[in-house]
Amino acid sequence: MNDTLKALTDILESRKGADPGSSYVASLHAKGLNKILEKVGEEAIETILAARDAADNGDTSALVSETADLWFHCLVMLSHLGENSASVLKELERRFNTSGLDEKAGRTQS
């Protein structure tokens, strides 16, 4: 599974400096962080709605598709800010063998 994330990370990085007229990812970077964040928010809402529909009708195909869109746009966001999926995976691995309740309680309150 990490091979897919690695390949996608490499593609996203290569498209950061591409012609915005020829690459969707390049066009997002050219429009800036606010546009990328707008897309992340839009995809998050669509994922939530697809989950509600899946709970009602048992068909998870739209949920999987919308989740892929959300993950993709999150990866674009990370790339825009100089991070990537490896950083997220490392953080998830750090949390192994830690109770979710303990992990949440240990976060700095803001």
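The values are calculated or read from the model by the stated rules, or taken from the named source; none is laboratory data. A quick note: this is a predicted structure, and the numbers were derived from the prediction, not measured. Neighbour counts run over all protein chains shown; Cβ positions are idealised from the backbone, glycine included. Just so you know, the surface numbers come from the protein's heavy atoms only, side chains and all, with ligands and any DNA or RNA stripped out. Shrake-Rupley method; radii C 1.70, N 1.55, O 1.52, S 1.80 Å.
Which pairs have Cβ atoms under 9 Å, sit 6 or more apart or on different chains, and link a residue in the range 31-42 that is farther than 12 Å from L75 by Cα to one that is at pLDDT below 95 and open to solvent by less than 60 Å² (accessible area, probe 1.4 Å)?
Correct list of pairs: empty, since none qualify.
Among (1) surrounded by 13 or more Cβ atoms within 10 Å (Cβ to Cβ); (2) outside any helix (DSSP H, G or I), there is one condition A51 misses while meeting the rest; what is its number?
So A51 meets the others, but not (2).
Within the range 71-102, how many residues are part of a helix (DSSP H, G or I) and within 18 Å of K31 (Cα to Cα)?
9
Considering only residues that are of a type in the set (A, V, I, L, M) and over 19 Å from N2 (Cβ atoms), which ones fall in the range 71-89?
M77, L81, listed by residue number.
Quick one: in the range 10-57, of everything that is polar (S, T, N, Q) and out of contact with any helix residue (DSSP H, G or I) (no Cβ under 6 Å at 6 or more places or on another chain), which residue is nearest to L81 (Cα to Cα)?
N34
Given L81, L89, L70, L49, which one is within 20 Å of the chain's Cα centre (by Cα) and in contact (Cβ under 8 Å) with a residue 60 or more places away in the chain?
Going through L81, L89, L70, L49 in turn, just one is within 20 Å of the chain's Cα centre (by Cα) and in contact (Cβ under 8 Å) with a residue 60 or more places away in the chain: L89.
Quick one: count up the residues across the range 57-70 that are farther than 26 Å from A26 by Cβ and either open to solvent by less than 60 Å² (accessible area, probe 1.4 Å) or part of a loop (DSSP other than H, G, I, E, B) (or both).
Summing the residues that are farther than 26 Å from A26 by Cβ and either open to solvent by less than 60 Å² (accessible area, probe 1.4 Å) or part of a loop (DSSP other than H, G, I, E, B) (or both) in the range 57-70 gives 5.
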